[in-house]
Amino acid sequence: MPPSSNPAPPEEPIRREATRRLVVATANPGKLREFRALLEGLAFELVSLADLELPSPQETGASFLANALLKARHAAALSGSAAVADDSGLEVDALNGAPGIYSARYAGVDADDAANNRKLMQALAGVAAAQRGARYRCALAFVEGAQDAAPLTAESSWEGFILDAPRGSGGFGYDPYFWLPELSRTAAELEPAQKNALSHRGKAMRALRDALAARAMSAPGPRSRRV
C-alpha cells in the first residue's frame, strides 16, 4: 500500500513568554539592583520610578504592608504597567521598634543613609551591646494594575544587632551597622548573593516569586512552554 500523501500535522509551536515591563516603585538604586537580582529569570523588564521620572507617593500607611500596597498601586496608576513595591525598615528593640516604618526618613523627609545612621547612633548612645537587638522587616506587594483586587503580597524579617560603629561598604541603608552574630559580619560585609539568600527582602521575594508562578499556572488559556 503506498504511503499516505496526507501531510503530517504541524508540530505545535513553542511559545516564548513575552517580556513585560514591571515598575519597581522605588527611586533607590540599591533596591533596584536587589530586585533585579531576585527576580532574574522571570519574564519582566524592570524599571524604577526614577527611570520613568515619576514621583514617589506619600507613605501614609500604618504598616509596612500598607505602604507597600500604596506604593505599588501608585506606580501602576502613573505608569500603566504592572508594579511591585516593598516597604522595609529596621526595628530596634531598645527604641520600642523605631525607626520602623519611618526608617527611610528617620532623620527627616530628605535624609540620606548617613543622616539616618547618625540619628540611630545618637538614639542608641549608652545602650549596651546585648540590648541592641534588632530586625529588618520587609513587605512586598505586586499589582497587575492600580485597581488590582487580588494583589500578591509577601512578608519576612531578618534578625540581628546594631553595632556602635560601621563595618563594610556594601549594601545600603543601615547595613553597615546591622550585625549578624552567626556570621560575625554586618550586612554590608556580605557578598550580594549571600545577602539576597539571607535577607528579609530576599526571603520575601522568593515567596512572591512562588506566588507569581502559582498565579501564572492557574491562569486560563494555553500555557507557554519556556525555552
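The values are calculated or read from the model by the stated rules, or taken from the named source; none is laboratory data. Note that the structure is predicted; figures quoted are calculated from it, not measured. Here the Cβ positions follow ideal geometry from the backbone for every residue, glycine too, while neighbour counts run over all protein chains shown.
Quick notes on this one:
- Residue list for the stretch 148-167, filter: assigned to a strand (DSSP E or B) and either touching a residue at least 60 places away in the same chain (Cβ under 8 Å) or of a type outside the set (A, V, I, L, M, F, W, C) (or both): L152, T153, E155, S156, S157, E159, G160, I162
- Among the numbered conditions (1) in contact with a helix residue (DSSP H, G or I) (Cβ under 8 Å, 6 or more places away or on another chain); (2) modelled with pLDDT of 95 or more, the only one that M205 does not meet is (2).
- Consider the stretch 95-110 and keep the residues that are of a type outside the set (S, T, Y) and buried (at least 16 other Cβ atoms within 10 Å of the Cβ). The one that is farthest from the chain's Cα centre (by Cα) is L95.
- Hey, A111 among the small types (G, A, S) and more than 25 Å from P176 (Cα to Cα) or not: no
- In the set A197, A141, A188, only one residue is among the hydrophobic types (A, V, I, L, M, F, W, C) and out of contact with any Pro (no Cβ under 8 Å at 6 or more places or on another chain); that residue is A197.
- Residue satisfying all of: in the stretch 173-197; outside any loop (DSSP other than H, G, I, E, B) and of a type in the set (F, W, Y); farthest from A207 (Cα to Cα) among these: Y177
- Reported count of residues in the stretch 126-147, each being out of contact with any helix residue (DSSP H, G or I) (no Cβ under 7 Å at 6 or more places or on another chain), in a loop (DSSP other than H, G, I, E, B) and either aliphatic (A, V, I, L, M) or under 21 Å from A62 (Cβ atoms) (or both), is 1.
- Residues that are among the charged types (D, E, K, R), crowded, with 17+ Cβ neighbours inside 10 Å and under 17 Å from G30 (Cα atoms) within the stretch 111-147 comprise D113, R137, listed in sequence order.
- Applying the condition of being among the acidic types (D, E) and over 21 Å from P192 (Cα atoms) to the stretch 1-54 and asking which residue is modelled with the lowest pLDDT yields E12.
- A single entry from V109, V92, V127 fulfils the requirement of being β-branched (V, I, T) and either touching a residue at least 60 places away in the same chain (Cβ under 8 Å) or closer than 21 Å to E45 by Cα (or both): V92.
- Restricting the stretch 156-172 to residues that are closer than 16 Å to A204 by Cβ and not small (G, A, S), the residue that is surrounded by the most Cβ atoms within 10 Å (Cβ to Cβ): W158
- Given (1) over 20 Å from A188 (Cα atoms); (2) buried (at least 19 other Cβ atoms within 10 Å of the Cβ); (3) of a type in the set (S, T, N, Q), index of the condition T153 fails: (2)
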